[in-house]
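Since the structure comes first, as structure tokens, the remarks are kept for the end.
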There are 2 protein chains.
Amino acid sequence: MQRTVFFVSDGTGITAESFGQSLLAQFEGYEFQHVTFPYIDSTVKTIHLIEKIHNIHKVEQIRPVVFMTVLNEEVSQMLHTSGAFIIDLFQTFLPGLEHEFGQHPLYRTGKKRSTTHSHSYHRRIEAVQFALDNDDGARTRNYDKADIILLGASRSGKTPSCIYLGLQFGIFAANYPITEEDLDEPLKLPKPLQPHREKLFGLTIHPGRLAGIRHERRPHSRYSSSQQCQLEVHTIEQIYRKEHIPYINSTDYSVEEISTRIMDLAHLKRRLK
Amino acid sequence: MQRTVFFVSDGTGITAESFGQSLLAQFEGYEFQHVTFPYIDSTVKTIHLIEKIHNIHKVEQIRPVVFMTVLNEEVSQMLHTSGAFIIDLFQTFLPGLEHEFGQHPLYRTGKKRSTTHSHSYHRRIEAVQFALDNDDGARTRNYDKADIILLGASRSGKTPSCIYLGLQFGIFAANYPITEEDLDEPLKLPKPLQPHREKLFGLTIHPGRLAGIRHERRPHSRYSSSQQCQLEVHTIEQIYRKEHIPYINSTDYSVEEISTRIMDLAHLKRRLK
């Protein structure tokens, strides 16, 4: 059964989505339709939104669910009269925290993430730039500046993981694709990597999944054939084991999960506050 | 006064951080020290964590705060005995949702984000790849495939915004730096952009801030001088206005905020479920 879920915020809505999706993932009885409404910070916008909630309510014949992170009190109160089932992050937790901290909340939107003024902003931007400059084995001369060097077959998830490590944790992550040429000398670590053993971390992936991903890029090619993917994954995993390189299998993980697990397993410390 | 805040999860901890930081941003009485503990999914790990909570409690002489997204019931119960001030996302909201949905929660970690199996994973990866391939005006021939083309001075935040638009929303975002050469013919839209007017979106930034960011890259250069930054920002803003290109000032925003505001102002529809 279809049921619409609204993520509503007077900020970006990113927190509303994140906590709402975590909670919704625990239920599978409905086909949830997600819609996000950021920057709902005026009564006019709220009135339009409430109209939408009413319309959906009529069409689906069941009240919609609203996950909200709204600091503007007027907007918040209006939404509570919308007839939706409301999960309100701020109203639920702020009073308890107010009591614990002995201080009134500021009721101020937005300021949680590093803006361009902060040290963290610089670090994030530099880290993303590092990931781009040192992507796909393009340059290996900066490896002494890297916090970690991800290895893996082409399309095993290295690039997005490196970018996410930079954006989320401020980590300088390079990546090096292990290609067929590297596999010619079987089970030997490619030369540029040898001085940096302690920074190496491997990704692997189910060969069938890899073939599927490669197929999107180059359909019906040798590159995307099951046989080729099996051979590469098998050999690369052998290298990891022989060289004692820690690795994880990315098959069932999202980019966020791969990156967080790497942080954990490689004992990396985040470089953002 | 220093006070330590723990973000604890049996998953990645990303949700715990996101909702915890939103709430903490409303209080400024303490110097909060953030620590994240992902993958706390066993009693052994929980015992170690509770020891840490006790130690911090002793040192700071005030109970630490724990924001938690823990589905494992045993871990959750143990943490509730730690003596910390607990904000528990799941225990607080799951019972209400259970009642509303008429269904028991699955108590299953992790599965909220697109894994490598899903259509969304492919779209995210393709979108990040698109941002990289079409970064910094490197190629302009793919602009017909772009959902949006960001403009701006060098170091005004284009690249991280494009990557985030891809990662978070599945948007194909290219970017084109407006350089001195483009400014030689004053107030004219660079040629490669002319066929794509409806996709253009501008970034601008406070000249002093831009100088600061550039200074990190090339200290004491003409590139990072106040005068040069002022000239570039001023001229670029004139182009935006003359050509009716929508734009935002990124100075006080994080990468997340810039990207979400672009989505909103450019009326882009997210391409991920």
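Selection of the stretch B:77-101 for residues being surrounded by fewer than 21 Cβ atoms within 10 Å (Cβ to Cβ) and more than 12 Å from chain A (Cβ to nearest Cβ) yields B:Q77, B:M78, B:H80, B:T81, B:G83. Restricting the stretch B:1-34 to residues that are exposed (fewer than 15 other Cβ atoms within 10 Å of the Cβ) and closer than 26 Å to B:E257 by Cβ leaves a set whose member that is modelled with the lowest pLDDT is B:G29. Considering the stretch A:13-34, and only residues there that are of a type in the set (S, T, N, Q) and without any contact (Cβ under 8 Å) to a residue 60 or more places away in the chain, the residue that is farthest from the other protein chains (Cβ to nearest Cβ) turns out to be A:Q33. Of everything listed in (1) loosely packed, with under 13 Cβ neighbours inside 10 Å; (2) of a type in the set (K, R); (3) out of contact with any Phe, Trp or Tyr (no Cβ under 9 Å at 6 or more places or on another chain), the single unmet condition for B:R209 is (1).
Matching residues to (1) surrounded by fewer than 18 Cβ atoms within 10 Å (Cβ to Cβ); (2) within 13 Å of chain B (Cβ to nearest Cβ); (3) in contact with a helix residue (DSSP H, G or I) (Cβ under 9 Å, 6 or more places away or on another chain); (4) not aromatic (F, W, Y):
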{"residue": "A:Q230", "(1), (2), (3), (4)": "yes, no, yes, yes"}
{"residue": "A:H234", "(1), (2), (3), (4)": "yes, no, yes, yes"}
{"residue": "A:Q238", "(1), (2), (3), (4)": "yes, no, no, yes"}
{"residue": "A:E243", "(1), (2), (3), (4)": "yes, no, yes, yes"}
{"residue": "A:E256", "(1), (2), (3), (4)": "no, yes, yes, yes"}
{"residue": "A:T260", "(1), (2), (3), (4)": "no, yes, yes, yes"}
{"residue": "A:M263", "(1), (2), (3), (4)": "no, yes, yes, yes"}
{"residue": "A:K269", "(1), (2), (3), (4)": "yes, yes, yes, yes"}
{"residue": "A:L272", "(1), (2), (3), (4)": "no, yes, yes, yes"}
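Among the residues of the stretch A:245-254, those identified as closer than 15 Å to A:L210 by Cβ and facing another protein chain (nearest Cβ under 7 Å) are A:S250, A:T251, A:D252, A:Y253. Is it the case, given these coordinates, that A:I245 is under 29 Å from the mean Cα position of the chain (by Cα) and either at positive phi or at pLDDT below 95 (or both)? Judged against the criteria, A:I245 is not a match.
Pairing each residue of the stretch A:119-141 that is surrounded by 21 or more Cβ atoms within 10 Å (Cβ to Cβ) with any residue that is of a type in the set (S, T, N, Q) and modelled with pLDDT of 90 or more, provided the two are 6+ apart or on different chains, yields C-beta distances under 6 Å for A:N134/A:N142.
Screening A:S161 with (1) free of Cβ contacts under 8 Å to residues at least 40 places away in the same chain; (2) outside any loop (DSSP other than H, G, I, E, B) gives one miss only, at (1). Note on the stretch B:213-224: residues that are modelled with pLDDT of 90 or more and within 9 Å of chain A (Cβ to nearest Cβ) total 0.
Of the residues making up the stretch A:33-72, those that are closer than 18 Å to A:T15 by Cβ and either out of contact with any Asp or Glu (no Cβ under 9 Å at 6 or more places or on another chain) or of a type in the set (V, I, T) (or both) are A:V35, A:T36, A:F37, A:I40, A:L49, A:V65, A:V66, A:T69, A:V70.
Which residue out of A:G157, A:G96 is out of contact with any Phe, Trp or Tyr (no Cβ under 6 Å at 6 or more places or on another chain) and modelled with pLDDT of 95 or more?
Values: A:G157 fails: modelled with pLDDT of 95 or more.
On inspection, the qualifying residue turns out to be A:G96.
The values are calculated or read from the model by the stated rules, or taken from the named source; none is laboratory data. All of these numbers come straight from a predicted model, not from anything done at the bench. Here the Cβ is made from the backbone with ideal geometry for all residues, glycine too, and neighbour counts use every protein chain on show.
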